[in-house]
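Engineer: Have a look at this one before I ask anything.
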Amino acid sequence: MKKYIDTGKKDTRSGFGAGLEELGKTNENVVALCADLIGSLKMDAFIANNPERFFQIGIAEANMMGIAAGLTIGGKIPFTGTFANFSTGRVYDQIRQSIAYSGKNVKICASHAGLTLGEDGATHQILEDIGLMKMLPGMTVINTCDYNQTKAATIAIADHEGPVYLRFGRPKVANFTAEDQKFEIGKAVLLQEGTDVTIVATGHMVWEALEAAETLSEEGISAEVINIHTIKPLDSEAIVTSVKKTGAIVTAEEHNFLGGLGESVSRVLSEQHPTPQEFIATKDTFGESGTPEQLMEKYGLNANAITKAAQKVVKRK
């Protein structure tokens, strides 16, 4: 019997909307800013209940980041909302200079990340945002796996002092983590114990990792599955503890293999416990237009690809 069951597919951006709505009721310092994408970011409920705490900035993302930084000086906790491409690539200078450098308490909330943005194509499918954000000193980087975890993370980051990048997506994906979970920044979640290979996954790839682990089990390979929802700070202890037992690792992410979770894991392993590793990620390429399923298949970001990578890395031990 499966330990984790999909309770009904939901989009992670709606988890953000639900978390923001909850914060509207419980934290009077939380304010929200949006760059003309209220519906896409699911901010409607927060706005309906707290119209005086919402600022529609329009298609002026750089200005939104500057305003958010300024609001923190008065004790507010601003949550900015737009697509991941516009939340990072378009406004990197403003984030670096006005938010990260001065340690402003801004929560940069980014939807429509990765290939699963789908038909909007390569110009909108940012695959380098985790790298951009994790390289900024003091920036916390979170990439959640389902609706429930995204809601919990949204609520949790309001209590964290300092800048945060929260990454989530557009498509409806499996919703399998606990509804009443406690989200701990920087603390990996061991989903399934195993002895032959470690699968470390983040975001939409976590469910794919669990599916791969089931297939591997049928082939006699015992896979340990770890949900890395926080890319930075990375839970190095959880990773090293696991690979000392399994002796092999697969990292899985909906992001470029340059600058993402896989590279962060490699650094930890090279310093503490060198281990054979396979990378499931895009290989230094832009995306293209297509359905999320088509793109995940073409670029090797699904359970089948993870299964093959695990089989390969086990032979390298």
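Each reported figure results from applying straightforward, stated rules to the coordinates on display, with no laboratory input. These figures come from a predicted structure and were not determined experimentally. Because the Cβ atoms are built from the backbone with ideal geometry, glycine has one as well, and the counts that use them run over all protein chains shown.
Engineer: What nm value, rounded to one decimal, do you get for the distance between LYS187 and THR285 when each label is placed 7 Å out toward the C-beta?
Structural biologist: Using points 7 Å along Cα→Cβ, the separation is 3.9 nm.
Engineer: Pop out the Kirkwood hydrodynamic radius of the range 10-173 from its pairwise C-alpha distances, inverse of mean 1/r, in Å to one decimal.
Structural biologist: Details: mean 1/r = 0.0660 Å⁻¹.
Kirkwood hydrodynamic radius for the range 10-173: 15.1 Å.
Engineer: Hand me the GluC sites (Glu not before Pro) from the range 125-194 located in a DSSP loop with no more than 14 other Cβ atoms within 10 Å, in residue order please.
Structural biologist: Here the sparse-neighbourhood loop sites are GLU161, GLU179, GLU184, GLU193.
Engineer: A further question follows. Counting only Cα atoms, I'd like the Rg/Rh figure for the range 158-198, Kirkwood definition for Rh.
Structural biologist: Radius of gyration over Kirkwood radius for the range 158-198 works out to 1.02.
Engineer: Suppose R0 equals 41 Å. What FRET efficiency, 1/(1 + (r/R0)^6) with r the Cβ-Cβ distance, do LYS9 and LEU258 give to the nearest 0.05?
Structural biologist: Between LYS9 and LEU258 the formula returns 0.85.
Engineer: Another question about this same structure. Expressed in nm to one decimal, what extension gain is obtained for the pair VAL240 and GLN97 from 0.36 nm per residue of sequence separation less their Cα-Cα distance?
Structural biologist: 48.0 nm
Engineer: I want to verify a result. In a Gaussian network model of the chain, Cα cutoff 10 Å, which of these has the top mean-square fluctuation: ALA201, ALA84, ALA100?
Structural biologist: Evaluated over the chain, the most mobile residue of the options is ALA100.
Engineer: Then there is this: Hey, what angle do you get for helix 236-246 against the long axis of the chain, alpha-carbon based, 0 to 90 degrees rounded to 10?
Structural biologist: On a 0 to 90 degree scale, this one is about 20.
Engineer: Given the options GLY103, GLY58, GLY287, state which has the largest fluctuation in a GNM of the chain using a 10 Å cut-off (strictly under) for Cα springs.
Structural biologist: For the chain, modelled as a Gaussian network with Cα springs under 10 Å, the answer is GLY58.
Engineer: Can you compute the radius of gyration and Dmax for the chain, using only the Cα atoms, both in Å?
Structural biologist: For the chain, the Cα radius of gyration and maximum Cα-Cα distance read 18.7, 59 Å.
Engineer: Can you tell me how much longer the chain between LYS315 and ALA60 gets when fully stretched, taken as 0.36 nm per residue apart minus their C-alpha distance, in nm with one decimal?
Structural biologist: Working: separation 255, 0.36 × 255 = 91.80 nm, distance 5.10 nm.
Length gained between LYS315 and ALA60: 86.7 nm.
Engineer: OK, next. Relative to the longest principal Cα axis of the chain, at what angle does helix 303-315 sit, 0 to 90 degrees, rounded to 10?
Structural biologist: Roughly 50 degrees between the two axes.
Engineer: Within the chain, what percent of beta bridges assigned by DSSP are antiparallel, to the nearest 5?
Structural biologist: The antiparallel proportion sits near 15 percent.
Engineer: Based on the mean of other beta carbon atoms within 10 Å per residue, what is the order of 245-255, 13-23, most packed first?
Structural biologist: 245-255, 13-23
Engineer: Compute the acute angle (0 to 90°) between the alpha-carbon long axis of helix 61-73 and the principal axis of greatest extent of the alpha-carbon atoms of the chain; round to the nearest 10°.
Structural biologist: Helix 61-73 and the main axis of the chain meet at about 80 degrees.
Engineer: If you average the alpha carbon positions of the range 139-180 and of the range 228-254, how far apart do those two centres end up, in angstrom?
Structural biologist: Taking the Cα centre of each part, the range 139-180 and the range 228-254 sit 19 Å apart.
Engineer: Related question: Using modelled amide H (1.01 Å from N, peptide plane; none on Pro or chain starts), what sits under 5 Å from the amide H of THR198, excluding residues fewer than 5 places away?
Structural biologist: GLU224, ALA248, ILE249, VAL250
Engineer: How many times 2.2 N^0.38 Å is the alpha carbon radius of gyration of the range 177-312?
Structural biologist: So the Cα radius of gyration is 0.99 times the expected 2.2 N^0.38 Å.
Engineer: List every residue whose amide H lies under 5 Å from the amide H of GLN192, counting only residues 5 or more places away in sequence or on a different chain, with H placed 1.01 Å from N in the peptide plane.
Structural biologist: Distant-sequence amide H within range of GLN192: VAL225.
Engineer: Return the whole-Å distance between the Cα centroid of the range 17-54 and the Cα centroid of the range 98-125.
Structural biologist: So the separation of the two Cα centres works out to 18 Å.
Engineer: Right, something else. As a check on your grasp of the helix formula, calculate [θ] at 222 nm for the chain: sum -39500 (n - 2.57) over DSSP H runs of n ≥ 4, divide by the residue count, round to the nearest 500.
Structural biologist: Rounded to the nearest 500, the figure is -10500 deg cm²/dmol.
Engineer: Return the single residue from ALA45, ALA35, ALA158 with maximal mean-square fluctuation; model: Gaussian network over the chain, springs between Cα atoms under 10 Å.
Structural biologist: Result for the chain, Cα springs under 10 Å: ALA45 fluctuates most.
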